[in-house]
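To keep things clear, I will list the structure first and then write my remarks on it.
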Amino acid sequence: MKRENNIYLLLPAVILSSICLISCDRGNLYVESERIPGYIWNDNNIITFRTQVNDTVNAYDINLIIRTDKDYPYRNMFLFIKTVSPEKTSIKDTVEYFLADEKGNWYGSGLGDVNDLSVPLKSNILFPMEGTYTFNIQHGMREKELEGVIDIGMQIKKRKN
């Protein structure tokens, strides 16, 4: 009998937590990540994210999430990013992100040997048309195989006014 009472006491906390998680995620149009096989990102391995956009009125922020481990040898990372619109026009960008400062202190957050860093790709953008947008991401470092990259993610979130 006591065990049943404990379940009823926990039920409001579970419901409240669920509502908070759902409402915190309300502004996300897209969140996805892709694991890098063996944590070695080959320059031929192009990561592709596709999202359906139906909102051409509100502004969005696009962030990349870079997860590395202790084997990542640099404090920066160059990426080649190709964005393809629903009508198949494309834009190519080369971006550089700093993952650590000059002293080797990692930006972002982490647990143990893993570091997560969210970096801006585009801010305050309006999608000009409805349809599927494709984002192709390739590392642009000088070496063919980039060690210590666990996964790459993308988040597209409605911009807060």
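Where a number appears in this text, it was derived from the coordinates with a stated rule and is not lab data. Remember, it's a predicted structure, so these values are computed and weren't measured experimentally. Because the Cβ atoms are built from the backbone with ideal geometry, glycine has one as well, and the counts that use them run over all protein chains shown.
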Proximal aspartates and glutamates relative to K160, as straight alpha-carbon distance under 12 Å, when same-chain residues fewer than 8 apart are discounted: D61
Förster radius 25 Å - calculated FRET efficiency between R75 and K122 (Cβ-Cβ, nearest 0.05): 0.60
C-alpha center-to-center spacing [the range 29-73, the range 139-161] in angstrom: 5 Å
Candidate lysines for bridging to K103, where Cα separation is under 25 Å - those fewer than 8 sequence places away on the same chain excluded: K70
Cα-projected label distance for E147 with D113, points at 7 Å along beta-carbon direction, nm: 1.1 nm
Gain on full stretching of the segment that runs from E130 to K103 - 0.36 nm per residue minus C-alpha separation: 5.2 nm
Share of pairwise Cα separations in the range 28-158, more than 27 Å, in percent: 20 percent
Eligible lysines near K92 by straight Cα distance, threshold 16 Å, same-chain separation 8 or greater: K82, K122
Extended-chain gain in nm, criterion 0.36 nm per residue less alpha-carbon gap, E87 and T48: 12.3 nm
